[in-house]
1. Ordering Arg190, Arg72 by how much accessible area each has at a 1.4 Å probe, largest first, what is the list?
2. Among bridges DSSP assigns within region 67-200, what percent are antiparallel (round to 5)?
3. Which net charge results when you count Lys and Arg as +1 and Asp and Glu as -1 among the other residues whose beta-carbon is under 11 Å from that of Ala144?
4. Apply 1/(1 + (r/R0)^6) to the Cβ-Cβ distance of Ala66 and Arg5, taking R0 = 25 Å, and write down the FRET efficiency to the nearest 0.05.
5. Can you tell me the dipole magnitude for the chain around its Cα centre, using point charges on the Cβ only (Lys, Arg +1; Asp, Glu -1), in Debye to the nearest 20?
6. Per the Debye formula with a single identical scatterer at each Cα and no solvent contribution, what log10 I(q)/I(0) holds for region 70-175 at q = 0.18, 0.23 Å⁻¹?
7. Run the helix sum for the chain: -39,500 (n - 2.57) per DSSP H stretch of 4+ residues, divided by residue count, reported at 222 nm to the nearest 500 deg cm²/dmol.
8. Under 4.7 Å Cβ to Cβ, no partner at all: give me those cysteines from the chain, in residue order.
Amino acid sequence: MLLSRRLKAVADFVPQDMICADIGSDHGYLPIYLVGERIIPHAIAADIGKGPLESAAANVRKYDLADKIELRLGNGLTVLRSNEVSCVTICGMGGGLICEILNNSPQITASLQRLVLAPNVGAHLVRHWAGENGWQIIEENLIAEDGHFYPIIVLSQGEMPMLSPAQEFAGPLLLEAEHPLLGDYLNYWRHKELKLAMQLLAVGQAETD
């Protein structure tokens, strides 16, 4: 299984032999890779959509991993039982939705050892959630793919110092490491916010004409 650069970076943060659930698994590529490469012995692929889960099921059968990857239809962490898995991956969602998923199943979230989160927007919300809910950022990465930037935030349970707004937005470990993509990432969002501000200004002017 050949993964995208983003999913491969997520897979690199899943610990060896730790049972993992991929929430919002879509085609099931991440758990297929993790199990197929013998990084983990068993995985749960979950999605709220019947169509994506059927696609994941077809791929699981294609790679002959039906005995090692369980597919579950449902919303967020509600498909899991406490202490059933130690690691959860969530990719391709906004940071606000990721936080909502974690908040909606507090008992499941509390039973986890590691969260590997790759929000497509709103990464600062995930970092803020971590500080407010007894999780610490232990690793971070930043991936550029198809004209977009994807922060990857790895959390384990434990307290961490309060983050500044700059740290929440850019990532404390990315800042500390002076990640080579960080400047481009910050410029990308600065230009997006400037464009949005110009659009709002134009709308305001049109309403006053």
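The values are calculated or read from the model by the stated rules, or taken from the named source; none is laboratory data. Here the structure is a predicted model, which means the values were calculated and not measured. We place every Cβ from the backbone using ideal geometry, glycine too, and count neighbours over all the protein chains shown. Calculation scope for accessible area: heavy atoms of the full protein, side chains included, ligands and nucleic acids excluded. Shrake-Rupley method; radii C 1.70, N 1.55, O 1.52, S 1.80 Å.
1. Putting Arg190, Arg72 in descending order of accessible area: Arg190, Arg72.
2. Given both bridge residues lie in region 67-200, the antiparallel proportion sits at roughly 70 percent.
3. -1
4. Working from the Cβ atoms, E equals 0.35.
5. Using only the charged Cβ atoms, the result is roughly 400 debye.
6. Here log10 of I(q) over I(0) equals -0.84, -1.31.
7. -13000 deg cm²/dmol
8. For the chain, the answer is Cys91, Cys99, because their Cβ atoms have no other cysteine Cβ under 4.7 Å.
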